[in-house]
Amino acid sequence: MPATTPADHPRVERYDPTEVEPRWQQKWEELGLYRTDLRDESKPRYYLLTMYPYPSGDLHIGHWYIKTPTDAIARFRRMHGYNVFFPIGFDAFGLPAENAAIKSGIHPRKWTMRNIENMRRQLRSMGATFDWNAEVVTCEPDFYRWNQWFFLKFLQAGLAYKAMAAVDWCPKDQVVLAREQVEGADRVCWRCGTPVIKRDLEQWFFRTTAYADELLTYEGIEWPEPVRVMQTNWIGRSEGAEVVFRTAPDEHQPGGDELRVFTTRPDTLFGATFMVLAPEHPLVEKLTHPDRRDEVERYRFEARRKTEIDRLSTDREKTGVPLGAEAYNPVNGERIPIWIADYVLLGYGTGAIMAVPAHDERDYEFARQFRLPIRQVIAPRDAERAEEVARRIRGEGVEGSAYVSKAESDVMVDSGEFTGLSSPEGIRAVTHALEAKGQGRSAVTYRLRDYLISRQRAWGTPIPVVYCERDGIVPIPEDQLPVLLPDDYEFRPQGGNALEHHRPFLDTTCPRCGGPARRETDTMDTFVDSSWYWWRYLSPDKEDAPIDRELEERWCPVDQYTGGAEHAVMHLLYSRWFCKALADLGIVKEREPFRRLFNQGQILGADGERMSKSRGNVQDPDELVSRYGADTVRLFLMFMGPWDQGGPWSPTGIGGIARFLDRVWRVTVDPHGREAGDGDGFRAVDAVGKLPGDDDGGTLVDGARSPERTLLSAAHRTLKAVTSDYEGFRFNTMVAKLMELTNLLMRARGTAVAASDEYREAVRLLLLMLAPAAPHIAEELWSRRLAERGEEWRSIHSESWPAWDESLVAAESIELPVQVNGKLRDRVLVPVGLPQAEIERIVLESAKVRAALGGRTPDRVIHVGGRLVNLVVR
RNA sequence: GCGGAAGUGGUGGAACGGCAGACACGCAAGUCUUAGGAACUUGUGCCCGAAAGGGCGUGGGGGUUCGAGUCCCCCCUUCCGCACCA
């Protein structure tokens, strides 16, 4: 399909993307233009990664919004001489396939593979430069066997373990969820939005908390601030002290039990007037006084029954019951009562607190509720403020509340030998004193929990262990991997894990003793797949190891990752953890997976809601592509607004992009404008590359520059600006600048200027600049241009990015804005580089300026780099 | 409540502390009578004015500055994340 030249046609062809685009896509594929040779060291590497899609069956416009600008980056980098690696794959395990299986009886593998087929076609229609040779599909045994391999390594290293825990369970998906996967104040499943409930189950975990501190460092990575903040908050490191209280003896128990609490405020220890345990705390049983048993049992039962929503709601009144037992405060030996209350969570800290109502809002509320003593032990140094605070704590005044400040200007009061110390000093001193007596130590607590990976689902990576009657939990030896999923399991309409009913899978023998054993039926969360898939792209067929270490060292960390911020505390956090764990196991070298991250925004439905089939607000890209062509859709998505912003979908304005490409077509293939009405004589540009307003009527040239040179100068100026826009992912302004240049070429079209070398050079630059964003039309016009000049064909995408000429970028004359006292009064045309004295002379000649000055002489004249003049008068 | 991001024409959005509204959409008038996403020209922030011109304008209020959409302080609104985390 050699490119046709205009000469072959009696009339000038119209731009027809439906003819142009498939033709070039086929050609690129034939040439293998985007197959990356990972061993090629002649060029610098650039690993560009876009989050791989879930094969739901159809691509929607959001996928285009995510992927086509990333493709433009790939092409832009390639033109800069990088060896670009831009792979794609499929996140192929997961619930929708299994739900489809339950509904229709079709095997999840079949369903998934059929969807992948369709999505491959759709992804190809983008005209993106994905290297399909590196494709990874996570539901293939070749991939998931390595999940099992990693699991065994983690198990060995103590980074994977099984434990009983109160976990979040989604009743609809019939599956447990990791803490990160429960969202919002109403505690719903991240996938289906159903409120979760708590269940006590034995589950598999990855020890993410082992790397909590390193995960807080972000060393050597450039990530958006919001994501780093979210991760930091999620990890929730908090420094303080663990304090040991001892229970006091009474008539039914001897006392002496240790009650450990975590506090960030050891300086308030003298203000502890009671203790609170989580209702599930293991010591509750033992400490409860027989007289209190009924009440305590009732409370614990209620707490369990309550949904997470009820229990966690902040505006709910505090509830709790006393155990009828007491503990000694380690600093003063005072006996204080022990309560249970559901505002204390078993899963955080030690599941028990010392309550200091004067200096903690929650304890304050609780103390008020149950008329427990409130004792102030911290006060502002300033006497007047101290009085105010004291009244506030006593609740005398408008409203009572705790005083929680721990500033340097706050001092300890009524605190024995510590009285008078500032709050920060007190924290150190009290901790130290406790440590000396063996009654406490400084401690750090995290909000982060270990990553719960077990899923009670059949369509996922089998967890490679068996349960042996004799040997208990036995891992499958490495050389017996993979544990394969059956091809014939039966899905029951009522749901549940089909593996549990599959005898051949279930019944096995113990690898250790050879006796009968039962296989683990839980599978791994799909975020395990996405925690390492980018390494697999480097060597998808490697059989003796998951990751090619040599290629990992050469290509990692990923240079640029693009994807949505919704994964901030899930995928992006798990991936960082995985990387650190693998680095410590010697499997990879780098400790961070993604050097730079960019979060593009999200395209919402026209209704402003998230696009989903159930809402019926999904925009199908195929329809747009067949109507307008891929290039128009690509550019439209880039032009919509800043890439990190997203927004509701609206096709309004896509016609403007189509018209733009049509103009690009015409200024290239038909510079002389055969159509009537085109081009009405060349009207030059002003110094900033804008068309002059029509009010000035005449032609304007840039200083002594001819119209031809002015045009060329505008093209170079555009090149400089567009280069910087691509680098900063500012695609919307990039497109706008290409439009400006095209509009300028339209002005020149049909005039003598259009016959000039400068015009042709401006068109050449335009095509090169357009190539990353609208690859098909750029390639087509490029090939026509080459044919016209009798040059041999070479893809525009193999061309080098052009360089601009600074002398051409610089304007020769400028319309200088003149302000009087900061208000714009006139503009005067001056040559660039005119001495300030000369400028002032010209400016003062202006009638408008003189009128604004009203006969006064400027006291000061401010020159802003030859770009603006401000006359200041008193 | 805490943390983050953001508030600019009818709309999407531009603007190193220096001409607010680039570039588009939409709308209006016009040219050409037009094979089919028509194309092209012109206008389009608001108010006064026939025009020239002037005034006002970036959520609100202060401030810094010759000059503020941009920097600082206070307030309001929207979106996102966390949410009794001791």
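The values are calculated or read from the model by the stated rules, or taken from the named source; none is laboratory data. All figures in this text were calculated on a predicted structure; none of them were measured in a lab. Cβ atoms come from the backbone with ideal geometry, glycine included; neighbour counts cover every protein chain shown. Areas reflect the complete protein model, heavy atoms only, side chains present, ligands, DNA and RNA absent. Shrake-Rupley method; radii C 1.70, N 1.55, O 1.52, S 1.80 Å.
Numbers at a glance
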read-out: Paramagnetic reach from A:THR733 (point 7 Å along Cα→Cβ, amide N under 17 Å) across region A:756-799; value: none
read-out: Label-point gap, in nm, between A:GLN156 and A:ARG120 - each point 7 angstrom along Cα→Cβ; value: 3.5
read-out: Alpha-carbon Rg with Dmax, taken over region A:487-545, Å; value: 16.1, 41
read-out: Length added when fully stretched, A:VAL444-A:HIS80, from 0.36 nm per residue minus Cα-Cα; value: 126.2 nm
read-out: Volume in Å³ per residue [convex hull over Cα atoms, computed for region A:717-784]; value: 80
read-out: Under 14 Å, Cβ to Cβ, from A:LEU215 - net charge with Lys/Arg +1 and Asp/Glu -1; value: +1
read-out: Equivalent ellipsoid dimensions for region A:196-324 as semi-axes, Å, which come from the Cα gyration tensor, largest first; value: 35, 21, 15
read-out: Links that overshoot a 24 Å alpha carbon limit, given the list A:LYS162/A:LYS198; A:LYS67/A:LYS613; A:LYS153/A:LYS542; A:LYS43/A:LYS153; value: A:LYS43/A:LYS153
read-out: Pairwise Cα inverse-distance average, inverted: Kirkwood Rh of region A:238-445 (Å); value: 17.5
read-out: Added length on full extension, which subtracts the Cα-Cα distance from 0.36 nm per residue, A:ARG316 to A:ALA803; value: 168.8 nm
read-out: Hydrodynamic radius by Kirkwood, which averages 1/r over all alpha carbon pairs of region A:807-874, in angstrom; value: 12.1
read-out: D (Stokes-Einstein, µm²/s), Kirkwood Cα radius, region A:59-101, 0.890 mPa s at 25 °C; value: 192
read-out: Virtual spin-label span in nm between A:GLU399 and A:ARG874, 7 Å along Cα→Cβ; value: 5.3
read-out: Crossing angle, helix A:108-124 versus chain A [Cα axis fit, 0-90 degrees, rounded to tens]; value: 30
read-out: Chain A: angle of helix A:571-584 to the longest principal axis, Cα-based, in degrees nearest 10; value: 70
read-out: Nearest-10 value in Å² for the accessible area of A:MET640, using the 1.4 Å probe; value: 70
read-out: Percent RCO, i.e. relative contact order, over chain A, from Cα pairs under 8 Å lying at least 6 residues apart; value: 14
read-out: Dipole-positive endmost among A:ASN821, A:PHE85, A:MET769 within chain A (Cβ charges, Cα centre); value: A:ASN821
read-out: Point-charge dipole on Cβ atoms (K/R +1, D/E -1) for chain A, about Cα centre, debye to 20; value: 900
read-out: Semi-axis lengths, Å, region A:107-196, gyration tensor of Cα atoms, sqrt of 5 times eigenvalues; value: 31, 23, 13
read-out: Fully extended contour minus Cα-Cα distance, from A:ARG615 to A:ASP382, at 0.36 nm per residue; value: 78.0 nm
read-out: Positive-pole candidate from A:TYR467, A:LEU585, A:CYS556, dipole of chain A, charges at beta carbon; value: A:CYS556
read-out: Calculated FRET efficiency for the pair A:ARG228/A:ARG371, C-beta based, R₀ 41 Å, to 0.05; value: 0.35
read-out: Computed accessible area, A:LEU159, all protein chains, 1.4 angstrom probe, square angstrom; value: 20
read-out: Calculated FRET efficiency for the pair A:ARG627/A:GLU761, C-beta based, R₀ 41 Å, to 0.05; value: 0.75
read-out: Local net charge near A:LEU159, Cβ-Cβ under 12 Å (Lys/Arg +1, Asp/Glu -1); value: +1
read-out: Descending principal axes extents, chain A, alpha-carbon based, whole Å; value: 109, 85, 48
read-out: Residues A:LEU829 and A:ASP859, FRET efficiency given R0 of 22 Å [Cβ-Cβ distance, rounded to 0.05]; value: 0.25
read-out: Two-site label geometry, A:GLU258 and A:ARG298: point separation in nm, points 7 Å out along Cα→Cβ; value: 3.5
read-out: Solvent-accessible area per residue, Å², over chain A with all protein chains present [probe radius 1.4 Å]; value: 43
read-out: Computed over region A:361-445, Kirkwood Rh from alpha-carbon pairs, angstrom; value: 14.1
read-out: Of A:ILE427, A:ALA325, A:THR263, farthest towards positive along the dipole that unit charges on Lys, Arg, Asp, Glu beta carbons give region A:238-445; value: A:ALA325
read-out: For A:HIS80, solvent-accessible area (1.4 Å; no DNA, RNA or ligand), Å²; value: 80
read-out: Degrees, to the nearest 10: A:293-305 long Cα axis against longest axis of chain A; value: 20
read-out: Cα-derived Rg over Rh, computed across region A:225-265 with Rh taken as Kirkwood radius; value: 1.37
read-out: Stokes-Einstein D for region A:1-135, Kirkwood Rh over Cα pairs, 37 °C, 0.692 mPa s (µm²/s); value: 190
read-out: Solvent-accessible surface ranking, highest first, for A:ARG45, A:ARG874 at 1.4 angstrom; value: A:ARG874, A:ARG45
read-out: Three semi-axes of the equivalent ellipsoid, region A:98-143, Cα gyration tensor, whole Å, largest first; value: 24, 14, 6
